[in-house]
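Structure record follows, encoded as C-alpha cells.
The values are calculated or read from the model by the stated rules, or taken from the named source; none is laboratory data. Just so you know, these numbers come straight off a predicted model, no measurement behind them. Every residue, glycine as well, gets a Cβ built from its backbone with ideal geometry; the counts of neighbours run over all protein chains shown. Just the protein is used for accessible areas: all its heavy atoms, side chains included, with ligands, DNA and RNA removed. Shrake-Rupley method; radii C 1.70, N 1.55, O 1.52, S 1.80 Å.
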Number of protein chains: 2
Amino acid sequence: MIDPAAFCDDAIARLKREIPGRAIIAASGGIDSTTAALLTERALGDRARSIFVDTGLLRAGEVERVSEFFEKSHLRFDVLHASDRFLHALEGVADPEEKRRRIGETFIRLFETEADKFGTDRLVQGTIAPDWIESGGSLRDTIKTHHNVGGIPKDMRLKLVEPLRDLYKDEVRAVARHLGIPSAERQPFPGPGLAVRIGGPVTADRVRQVRVANAIVEQEVERAVSAGTLVRPWQYFAVLLPVRTVGVTGDNRVHGTAVSVRIVESVDAMTATAMEVPRALLSRIAERITRELTGEIVRVLYDITDKPPATIEWE
Amino acid sequence: MIDPAAFCDDAIARLKREIPGRAIIAASGGIDSTTAALLTERALGDRARSIFVDTGLLRAGEVERVSEFFEKSHLRFDVLHASDRFLHALEGVADPEEKRRRIGETFIRLFETEADKFGTDRLVQGTIAPDWIESGGSLRDTIKTHHNVGGIPKDMRLKLVEPLRDLYKDEVRAVARHLGIPSAERQPFPGPGLAVRIGGPVTADRVRQVRVANAIVEQEVERAVSAGTLVRPWQYFAVLLPVRTVGVTGDNRVHGTAVSVRIVESVDAMTATAMEVPRALLSRIAERITRELTGEIVRVLYDITDKPPATIEWE
C-alpha cells in the first residue's frame, strides 16, 4: 500500500514536469477521474481545466449529483452539454460495440476541440492499473478512457496523461481521502451511459423512457433500503428492450415495449447474484413504470440470472 | 343452462341433415373441438375424419398428450405432420399479426387438401359463442378457427360447420362430460402455438429453444405444485425474446439471447396477476434454461406485470 501523502507530492511534481503548459481533464464524476483532476489542479492551478461531459445519456439528476460532488471536492469544473452530438453519433446504431466505438470517438473529438480552445494537447484521465491490465497492457488499445468506452480513434491528436496509472482501487480511495474528496455511495455506472441500457437503436424518446424507468428503480430500491426492507444492492437499474409486446388498456389491445429490471448483489462484480427482493417492491416498480410511461412500456421483467452465466449489464 | 343429453340428440340430428356426405374435423386437442368431433363422428360414423395437425409449433410432448386424450375420449383421429409447411410459411416473418395470418392460411390450405382427398368440402370446427361474440359477430371475419388463429383466406373453398356455435364454455363442459370426454387439466395454449411465444422470426432453432425452455418451466412449476410449494397457476410458460445480450462463460464474454418466464394466476383470463413464486423455483428455472441451452440462452427474466397493463401472452 502506498503512502497517500508521499504519492500526492510525487504525482504533483511529476505532473508539473510532464505538463509545461496547460491541460484539460476528462472528469466523469467517478472517484478515479476526480482524484486525477484534483492532483492536476494542484500541479497546474489555472492551467488545468476539468470538463464534465453531459452526453445526454446520463441518469436522471446525474449532472446535478456530479456537480455537487465536484463542489464538495473543491474541484473547479465546466459542464459541457453535448447530448445532440451523442444522439447524432448514435443514430441508427443497434450494435453495442459500435455504440461504444461511436461514443468513444465523440468523446475524443469533443476533448480535442476543447483542448484546442484551451490551448493544449494534453488530456488527463483517471486510468488506474486494473483498467489497462484487464485489457491486455498495451497503452493505445487499452485506453478505455475514463468513461470505459470502447477504444479511441487511431488518429487522436491528444497526448494522454495518466497520473493514477499504477494505482489499484483501494490506493486511489486512500489518495482521494487524503485530498479531501468525500466518499460517495455511488453504484457503478457504465461509461457509455444509458446507451448500453437501451437494446437496439438509441433515440431521444428511448433515452427518455429508460431514464424514467431507471429513476423509478433507483427511487424504489433506495426507499426500500432506507425503510430497512432491503439490503443495499451492488447495482440496480432498468434496461429498455428492443421488443414489441402486447398490453391492454380498458378494452383495447395496445402495443408497447418492455423494460428489464436488474438488481444484483456482488462483492467485486466478478460474480453477482440476482437479488431476492420483496415482491411488493417489484410490483410497485412494475406498476409505476407502466403507469408513468403509459402507452410506451406495457411489460416489466425482472432479471433472475446470476453472473455467470449472464453479465450484470445487459450489453 | 342446456340439457346435455337433449343438446347432443339435437346436434347429431342437425349434423346428419347438414352433412349429407362426408366431413373432416379440425381437432386441436382442446375440449371444444374434441366435443365437436365426437358429435360429428356420432352423426356420420365413418364419413367423419378428425385431423390433428402437428404444426411443429407445439409444446414438447404435445402430440403424445393430445393423442392420449383423444384415445381416452374414444375419438378416431389422424395426426398430420406438417412442421415443414408451417416453418416455410413463417420464414422471415417477425410481425405477430402476419404470423397469425400465415398460420391460419396454412391450416386452411392443409384442410382443403385433406378434404379433397376425403371427398368433401365440409370442415367441422369447435367454434363456441364467445369466439364469435368477442370478435364482433360477423361469421367470416370472426372465424378464429379452432386454433384461434387470425382470420382465414377469403377464397377458402371449405364450408364451415359449427355444431357448438351457440354454447358457452360451461355448457360445452357439460356436453363433453355427457359424451365421456375425460376432464383434462390443460392450461390454455394459443392457437398459433409457439410461434407467438417467439419474439421476432421463427426458425427451427428458435422453435427448439423456446420448446426446451417452456418444457423446463412446465416441469419445474408442476413439480412445485406436486410438492405443495405452489398453488397451480392459471398459465405458465416461456417466451423467447428477439434480443442479443451478453453473458460470461469462464473468462469469456459470450453473446446469446434471453427468455422471459410468465407464471400467472387468473380466474377468467380477463385479468391476471403475475404470480409470486418461491425464489428457489425461479432460480432453478433460470439455472436449467441457461445450462440446457448453453451458448444460446444467457439470460432469464421473470415477467412481473399484471394484466392489465400487460396481456398474458407476449404478442
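Couple of notes before you dig in:
- Scanning segment B:39-85 for residues that are touching a Phe, Trp or Tyr at 6+ places or on another chain (Cβ under 6 Å) and within 18 Å of B:G21 (Cβ to Cβ) yields B:R49, B:S50.
- Test for A:S266: is it under 23 Å from the mean Cα position of the chain (by Cα) and more than 18 Å from B:W314 (Cα to Cα): yes
- Condition met for A:E185 (open to solvent by 60 Å² or more (accessible area, probe 1.4 Å), of a type in the set (D, E), in a loop (DSSP other than H, G, I, E, B) and within 14 Å of chain B (Cβ to nearest Cβ)): no
- Number of residues in segment A:245-263 that are within 28 Å of the chain's Cα centre (by Cα) and among the charged types (D, E, K, R): the value is 1.
- Residues in segment A:282-315 that are closer than 26 Å to B:G295 by Cβ and more than 9 Å from chain B (Cβ to nearest Cβ): A:I312 alone.
- A count restricted to segment A:148-182 and to residues that are touching a Cys at 6+ places or on another chain (Cβ under 8 Å) and either open to solvent by less than 60 Å² (accessible area, probe 1.4 Å) or closer than 25 Å to A:E62 by Cβ (or both) stands at 2.
- Scanning segment B:210-243 for residues that are open to solvent by 10 Å² or more (accessible area, probe 1.4 Å), part of a helix (DSSP H, G or I) and within 14 Å of chain A (Cβ to nearest Cβ) yields a count of 0.
- Among the numbered conditions (1) over 24 Å from the mean Cα position of the chain (by Cα); (2) in contact (Cβ under 8 Å) with a residue 40 or more places away in the chain; (3) within 7 Å of chain B (Cβ to nearest Cβ), the only one that A:R279 does not meet is (2).
- Any hit, segment A:64-81, residues being more than 19 Å from A:R186 (Cα to Cα), part of a helix (DSSP H, G or I), modelled with pLDDT of 95 or more and not basic (K, R): no
Quick grid of which residues meet (1) touching a Gly at 6+ places or on another chain (Cβ under 7 Å); (2) touching a residue at least 40 places away in the same chain (Cβ under 8 Å); (3) surrounded by 21 or more Cβ atoms within 10 Å (Cβ to Cβ); (4) of a type in the set (K, R):
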site	(1), (2), (3), (4)
A:D9	no, no, no, no
A:A13	no, no, no, no
A:K16	no, no, no, yes
A:I24	no, yes, yes, no
A:A37	no, yes, yes, no
A:E41	no, no, yes, no
A:D46	no, no, no, no
A:L75	no, yes, yes, no
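- Residues that are among the hydrophobic types (A, V, I, L, M, F, W, C) and within 8 Å of chain B (Cβ to nearest Cβ) were ranked within segment A:259-276; the one that is nearest to A:N214 (Cα to Cα) is A:V261.
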